[in-house]
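Participant: Encoded as structure tokens, here's the structure I'll be asking about.
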Amino acid sequence: MRASQDSTGNSVSGVLPSGEQTFPDGGTFRLLVGRIELTPATPANLLRLSNFDLNVAINRGVDREGKERKQSVGIGTSVDMKEGQKVVVGKANIDGSENALLVILTAQVVD
């Protein structure tokens with residue numbers, strides 16, 4: 001996701017690939033960020049993602065009545081990171097099992 005300094009409201013959405021072990025029936029994702037703020041600092045720029053909201057809908061096949069079953073998992077938070085830093089944002093135990101949703105973010109300022 002790209003944004004200019006101190007921008008408001010950015011989003012991206014897409015489709016999860018099907019046929020893989022993690023998402024055999026595919027699914028969708030949506031990422032919304034309420035505000036992106038860049039604070040130039042020494043030695044690295046500081047980036048704040050306010051209202052970071054990731055929602056993943058995983059297809060789980062169909063039920064006995066033929067209706068699609070979906071599992072929704074979400075992460076809602078704000079994230080602060082320095083340019084070049086990798087930050088892990090996640091949620092453990094998403095469906096009562098050992099499954100987790102993890103997102104690895106890296107900030108890079110581009111001209």
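Participant: Would you be able to tell me the number of residues in region 3-44 that are within 25 Å of residue 69 (Cβ to Cβ), among the hydroxyl-bearing types (Ser, Thr, Tyr) and at pLDDT 80 or above?
Facilitator: The qualifying residues number 2.
Participant: Name the single residue, out of those in region 51-66 being under 30 Å from residue 36 (Cβ atoms) and among the β-branched types (Val, Ile, Thr), that is modelled with the lowest pLDDT.
Facilitator: Ranking the candidates gives 58 first.
Participant: How many of the residues making up region 72-100 are in a strand (DSSP E or B) and at pLDDT 85 or above?
Facilitator: 16
The values are calculated or read from the model by the stated rules, or taken from the named source; none is laboratory data. In this text the structure is predicted, and so the values were computed from the model without any measurement. Neighbour counts are summed over all protein chains in view; Cβ atoms, including those assigned to glycine, are modelled from backbone coordinates with ideal geometry.
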